[in-house]
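Please read the structure below before turning to the comments.
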Amino acid sequence: MSARLRQIHRIEDLGPEGCLELATLATRLRRHPEPRALEGKVLALLFLSPSLRTQASFQAAMTRLGGGSFVIAPDRFIHKLEFDPDRVMDGAAAENVAEALPVLAAYGDAIGVRAFAGLENLAEDLADRRFEAIRRFCGAPFLNMESAIRHPCQSLGDWLTLDDLEIPARGGRFVLSWAQHTKALPLAVASDTLRMAAMRGMEVTVLRPEAFELPEPIMSQARALARASGGSVRETSDRAEAMKGAHVLYAKSWASTRCYGDHAATAELRRGLTGWTVAEDWFAGARPDCRFLHCLPVRRGVVVEGAVLDGPRSEVVQQAENRMWAQMAALHRMLA
Ligand code: CP
């Protein structure tokens, strides 16, 4: 990565070298603050879906670099948005993304957008159709703050966390596990976590119950990324096999890919899945120092037992803090 960074959207476009370069810059900014690096710069943040960490970490990142930010979100009384520029707008929507996004982008020196998956149609969410409809009006510099199938800023922070923990990139055993939840969740974090670990060259295992396989295009892309970095990707529903010698367990829930959009059927599947709440006994065959990661927010007692979150394996708070340092590096590379 040599030229100025134009966008953070597809983590694989950064490549392992780009991720490493941003992690190195993040570490430098953590040790040697640059409180005037982005003086006079403004980051526009559009949240069409809720957030705690992403909003706070981006605003903190801009402030620590001497810049400013503003947040626009539907619950702050903006006009109802229409996402199809060709639609006759005689319904509830008063503003089209075709005007709203260029206006927001014009107020900022960079723009970040969050819009979660619709969770109704797998093909549409895999194609990130709604997000791409928005993105094309944003120009650059642009930051994906989580779309239907991507969460690159989470993965950049997680890359930094794995570096901080000195988890070996080559030969490190990384388990991405489905975990229990009360509702169907998007595939974005799971997909980018898999891409990120594969790009590091780790030995990645996707642990998931039947009917929660990650989509084949995501798996085959991850296998190719792993091959290019000297790593591997496999999947299993056998927990003991997956956890053997693991350095990291990264838990996340996602929607069933077999009955995607059928929320009653997915709920029925989940009800039958006992034992998918992460507990200390999951780590029996892992390395003694195996770490627990989760992007947060997390439901205690559903996704993971509180004892694991409160115990020495858990790095979830550091992981969330690292969002800020990693995003500072990205913003620095975009705007400084
Ligand atoms: N991990 C993450 O993106 O958190 P928020 O949804 O709170 O932003």
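The values are calculated or read from the model by the stated rules, or taken from the named source; none is laboratory data. Since the model is a prediction, treat every value here as computed from it, not as a measurement. All Cβ positions, even for glycine, are placed from backbone atoms using ideal geometry, and neighbour counts span all protein chains on display.
Observations, loosely collected:
- Any chance residue 38 is assigned to a loop (DSSP other than H, G, I, E, B) and in contact with a Gly (Cβ under 8 Å, 6 or more places away or on another chain): yes
- When the stretch 109-135 is filtered for residues that are within 16 Å of the ligand (Cβ to nearest atom), assigned to a loop (DSSP other than H, G, I, E, B) and of a type in the set (Gly, Ala, Ser), the ones remaining, listed by number, are 115, 117.
- Residues in the stretch 249-289 that are closer than 26 Å to residue 173 by Cβ, of a type in the set (Phe, Trp, Tyr) and either within 16 Å of the ligand (Cβ to nearest atom) or assigned to a loop (DSSP other than H, G, I, E, B) (or both): 250, 254, 276.
- The number of residues in the stretch 290-315 that are outside any helix (DSSP H, G or I), more than 16 Å from the ligand (Cβ to nearest atom) and without any contact (Cβ under 8 Å) to a residue 24 or more places away in the chain comes to 1.
- Considering the stretch 33-48, and only residues there that are surrounded by fewer than 18 Cβ atoms within 10 Å (Cβ to Cβ) and of a type in the set (Gly, Ala, Ser), the residue that is farthest from the ligand (Cβ to nearest atom) turns out to be 40.
- Residues that are of a type in the set (A, V, I, L, M, F, W, C) and either assigned to a loop (DSSP other than H, G, I, E, B) or in contact with an Asp or Glu (Cβ under 8 Å, 6 or more places away or on another chain) (or both), drawn from the stretch 209-224: 211, 212, 214, 219
- Filter result for residue 150 (assigned to a helix (DSSP H, G or I) and of a type in the set (Lys, Arg)): no
- Criterion violated by residue 246 - all others in (1) within 19 Å of residue 173 (Cα to Cα); (2) outside any helix (DSSP H, G or I); (3) free of Cβ contacts under 8 Å to residues at least 60 places away in the same chain satisfied: (3)
- Some residue of the stretch 178-192 being in contact with a strand residue (DSSP E or B) (Cβ under 7 Å, 6 or more places away or on another chain) and assigned to a helix (DSSP H, G or I): yes
- Within the stretch 178-196, the residues that satisfy the criterion of being among the small types (Gly, Ala, Ser) and under 21 Å from residue 159 (Cβ atoms) are 188, 190, 191.
- When 280, 321 are screened for being charged (D, E, K, R) and within 20 Å of residue 177 (Cβ to Cβ), only 280 passes.
- The lone criterion from (1) in a loop (DSSP other than H, G, I, E, B); (2) closer than 23 Å to residue 131 by Cα; (3) of a type in the set (Asp, Glu); (4) modelled with pLDDT of 95 or more left unmet by residue 99 is number (1).
- Breaking point among (1) within 20 Å of residue 13 (Cβ to Cβ); (2) modelled with pLDDT under 95, for residue 149: (2)
- A single member of 279, 264, 251 is more than 18 Å from residue 187 (Cβ to Cβ) and either modelled with pLDDT of 95 or more or surrounded by 13 or more Cβ atoms within 10 Å (Cβ to Cβ) (or both), and it is 279.
- Of residues in the stretch 51-70 being more than 12 Å from the ligand (Cβ to nearest atom) and free of Cβ contacts under 8 Å to residues at least 60 places away in the same chain, the one nearest to residue 323 (Cα to Cα): 63
- Picking from residues in the stretch 71-80 that are hydrophobic (A, V, I, L, M, F, W, C) and either loosely packed, with under 15 Cβ neighbours inside 10 Å or away from the ligand (no atom under 13 Å from the Cβ) (or both), the one that is nearest to the chain's Cα centre (by Cα) is 72.
- Across the stretch 158-172, a minimum of one residue is classified as farther than 15 Å from residue 20 by Cα and either among the aliphatic types (A, V, I, L, M) or more than 14 Å from the ligand (Cβ to nearest atom) (or both).
- Test: residue 181 is within 16 Å of the ligand (Cβ to nearest atom) and farther than 21 Å from residue 233 by Cβ: yes
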